[in-house]
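What follows is a set of notes on a single structure, which appears directly below.
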Amino acid sequence: MSSDKVLLDYGSGGRASQRLISELFIKHFANPELERLNDAAAFNIDGKISMSTDSFTVDPIFFPGGDIGSLAVHGTVNDVAMLGAIPKYLTCAYIIEEGFPMADLEKVVISMSEAVKDAGVAIVTGDTKVVPKGAIDKIFINTTGVGQIVADPMPSGDRATVGDAVLISGTMGDHGLTVLGTRGGISLESNVMSDSAALNHLLVKLVQEIPDVHVFRDPTRGGLATTLNEITTASNVCCELEESSIPVKPEVVGGCSILGLDPLYLANEGKFLCILPQKYAEQALEIMRADKHGKDACQIGNITDANPGKVILVTPLGGRRLLNMLEGEQLPRIC
Amino acid sequence: MSLKVLEQFKNPELCKKLLDCLNKEIEKEIRFMEVCGTHTVAIFRSGLHSVLPEKVIHLSGPGCPVCVTHESEVNAFLDLAGKDGVIIATFGDLIKVPGKKGHCLKNAQADGARVEIIYSPFDALEIARKNPNDTVVFLGVGFETTAPAIAATVMMAKEQKIDNFKVLSFHKLVPPALDVLISDPETMIDGFLLPGHVSTVIGIHPYDFIGAKYGTPAVVTGFEPVDILQALLQMVRSMKEEHPKVINQYQRGVSEYGNPKAVEVMYQVFESSDALWRGIGLIPNSGLEFSDKYESFDAKKVFDLKIGECPSLPGCKCGDVLKGKMTPEKCPLFGKACTPASPVGPCMVSTEGSCAAYFKYKVD
Ligand code: SF4
């Protein structure tokens, strides 16, 4: 591109826009459907479809373990896959602040294209807007994904049943703490990295090998606690968790204790919850542990009828307390 | 302190042993109050609340700085937040505290006020440096724990001649508030768990009067389950003495005389003054005002703010909760009109408030 910064012209729809699209987006996202440059994408999908959309506005846009581009792919691919679906196609819309460095934009686009390849999906249509300086913070990306549901019956948040096992694919809070820890004002010196990853291959394997997965969910914003509360409310059951079995990396525990945060409320971008009949728990754990995205998988609790709609944490002392929904954002404390 | 060392203070077997001792040694019912909000949260989060012996009755005290910030003080910073050329710098806890008509800093921000959430008072100074045409007002809410760092920031601002940095000092001091609580016949407190954080600064002796004057046991303690259980056991044992001495359970964090340097810095910039406590009222010598030498940093003076009594929120029982006269669930608004999503009083707003802790953690 002729300028090293994104200019308002690039979103005008004229030549400058076309140059940006062909020299950057098409170049990196290359696939025949996108290259047709039609107003919409045409594709075939058989049977039941899973569809999801999400807008990504993370600050900072580059963080240890990922960036807004890969995150925008992982987030939507994972959401589509949580219904027991094979994600196939993505759309992506960029809203860019005037003056955004072209080199950073290219970095984001390349990272996005690698994430797409890794997940085995194609970006088939998209949109680019450039807005005046100050109208947004650097860059926002929206992605929408569609996929083909292969699980029957389909996992769903309202299917948690008394007697089910609650499994988690790995450690909690890595992404949330990484992003908070790299934000201006806090300098956490630690090796913690975002867990951002596409989970679709592992999820599909699970639904293909296990006859009935009741729930898949990714504990993104609001973390494990909020996600489980949504599930217990939708299914009208109680989830009892054994606190000591919930995996959290020591560096995340350390960072959280400095900032007064709770890792169970921090976002994860490469983990999922799996709720299924106890008799399939071991088999599911074996499949998960054989995959790089599930090597720390373990059972963290059970679904019971004790307090419907609630999540209860059994602490290492044997005490019982609620693990409530997060109200707003977690904020570091005064003292 | 390494995480490994901290782990020992969570050790379930050790907790079990301490609980057994507590059960054996406790003779009559004791009503203990933990003064500090961090203790309140620790007692619930660890599940201790649900395994304490029945004879141990737990009351939460006035030790959450957000909860004791008086309505008039909240209104003062909300008024400031609307002013042209003012940037409010604050720790995160304060931004949802409701003032008049339920307004809070978060709403003010949506209406265009400039509010920056910071993690250290030095960040506020940095904002002042970067915005020379604006006045940055840091909300100085907190106890002896945070006051020294804020005082040090003011000293730095003076040295570096950063004149557009001001502090609204609504600091509160813990010992005078305890005196008021014990002398209130309705509170019936048999013993205190005292905040370890505060004592890292002031040491343990400012609390001597609790045993000497009232014969009430008091234990300075840390924030892990083992700390709290050990402190309760020490409290039960010292109840048998006529004038119990304040006990320092938290020796790994607190030395007998605290951190005299921090206290000195604090009293160079501030001097003690009467202060209004939410739900309690005026307590003599329980706050910190700017000393003459640093008065040019005093936001109250610069903006000519008048802080005085104002009507408290109708129906809110925060005062009784803070004084340990009532558990949060007994407040008629608890969990109904007052929830963390739409808090009526600050005890429901702050993550360390008692009402929020009951709402968030208590099973039934
Ligand atoms: S429940 Fe709400 S209204 Fe009642 S005392 Fe607590 S904060 Fe105040």
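The values are calculated or read from the model by the stated rules, or taken from the named source; none is laboratory data. For clarity, every value in this text was computed on a predicted model and none was experimentally measured. Cβ placement follows ideal geometry from the backbone for every residue including glycine, while neighbour counts extend to all protein chains displayed. To get the accessible areas, we keep the full protein, side chains included, count just its heavy atoms, and leave off ligands, DNA and RNA. Shrake-Rupley method; radii C 1.70, N 1.55, O 1.52, S 1.80 Å.
If you roll a 1.4 Å probe over the range B:1-116 with all protein chains in place, what percent of the accessible area is carbon or sulfur? Before the final figure, lay out the partial values.
Working: 2490 of 4880 Å².
Exposed carbon and sulfur together represent 51 percent of the surface.
Comparing B:GLU224, B:GLU71, B:GLU186 in a Gaussian network model of chain B (Cα springs below 10 Å), the most mobile by mean-square fluctuation is B:GLU186. Taking the range B:65-107 and a reference point 7 angstrom along Cα→Cβ of B:ASP304, the backbone N atoms nearer than 18 Å belong to B:76-77, B:79-86. Could you tell me what fraction of 2.2 N^0.38 Å the Cα radius of gyration of the range B:145-230 comes to, as a two-decimal ratio? Expressed relative to 2.2 N^0.38 Å, the Cα Rg reads 1.43. By the rule of a C-alpha distance below 19 Å, with chain neighbours fewer than 8 residues away ignored, the lysines paired with A:LYS88 are A:LYS48, A:LYS117, A:LYS205.
Pair-distance distribution P(r) for the protein assembly as shown, from all Cα-Cα distances in 10 Å bins starting at 0: 3, 14, 22, 23, 19, 12, 6, 1, 0 percent. Taking the DSSP beta bridges with both ends in the protein assembly as shown, the antiparallel portion is around 55 percent. Neighbouring Cβ atoms from other chains, within 10 Å of the Cβ of residues in B:356-364, number 4 on average.
With only Cα atoms counted, the range A:267-326 has Rg and Dmax values of 13.7, 35 Å. In summary, the aspartates and glutamates within cross-link reach of A:LYS279, defined as a Cα separation below 12 angstrom excluding same-chain residues under 8 places away, comprise A:ASP164, A:ASP212.
Cross-link check: pairs B:LYS161/B:LYS300; B:LYS16/B:LYS172; B:LYS306/B:LYS330; B:LYS55/B:LYS325; A:LYS271/B:LYS96; B:LYS24/B:LYS323 evaluated at a Cα-Cα cut-off of 25 Å; pairs beyond the cut-off: B:LYS16/B:LYS172; B:LYS306/B:LYS330; A:LYS271/B:LYS96; B:LYS24/B:LYS323. If you take the Cα centroid of the range A:1-37 and the Cα centroid of the range A:65-121, the two points sit 16 Å apart. Total buried accessible area between B and A, probe 1.4 Å, nearest 100: 2600 Å². With the convex hull drawn over the C-alpha atoms of the range B:1-119, the volume per residue is 144 Å³. Once you keep just the Cα pairs under 8 angstrom separated by 6 or more residues, what percentage relative contact order results for chain A? Taking the mean separation of contacting Cα pairs over the length of chain A, I get 21 percent.
Highest mobility in the GNM of chain B, judged by mean-square fluctuation with C-alpha springs under 10 Å and restricted to B:PHE209, B:PHE192, B:PHE303, is found for B:PHE303. Using every pair of separate Cα atoms, the Kirkwood estimate puts the hydrodynamic radius of the range B:67-144 at 12.6 angstrom. Comparing mean-square fluctuations of A:ALA160, A:ALA93, A:ALA115 from a GNM of chain A with C-alpha springs under 10 Å, the top value falls on A:ALA93. Among the residues of A:308-320, the average count of other protein chain beta-carbon atoms within 10 Å of the residue beta-carbon is 6.
Quick one: pull the percentage of alpha-carbon pairs in the range A:1-121 with a separation above 20 Å. Please report the intermediate quantities before stating the final value.
On the way: 3443 of 7260 pairs.
Percentage above 20 Å: 47.
Along its three principal directions, the equivalent ellipsoid of chain A from the Cα gyration tensor extends over semi-axes of 36, 25, 15 Å, largest first. Of all aspartates and glutamates in the structure, the ones whose alpha carbon falls short of 16 Å from that of A:LYS5, not counting any fewer than 8 places away in one chain, are A:GLU23, A:GLU97, A:GLU98, A:ASP104, A:GLU106, A:ASP137.
Normalised by 2.2 N^0.38 Å, with N the number of residues, the alpha-carbon radius of gyration of chain B equals 0.99. Averaged over the residues of B:220-230, the number of partner chain Cβ atoms lying within 10 Å of the residue Cβ comes to 1. Computing FRET efficiency as 1/(1 + (r/R0)^6) for A:PHE62 and B:LYS28, where r is the C-beta to C-beta distance and R0 is 35 Å, gives about 0.05. Rolling a 1.4 Å probe over the heavy atoms of the protein chains gives the protein assembly as shown an accessible area of 41 Å² per residue.
Across the alpha-carbon atoms of the range B:258-333, the computed radius of gyration and Dmax are 16.7, 47 angstrom.
3J(HN,Hα) couplings calculated from phi for the range A:288-297 with the Karplus curve 6.51 cos²θ - 1.76 cosθ + 1.60 (θ = phi - 60°) are, in sequence order, 5, 5, 7, 9, 5, 8, x, 5, 9, 4 Hz; Gly and Pro show x.
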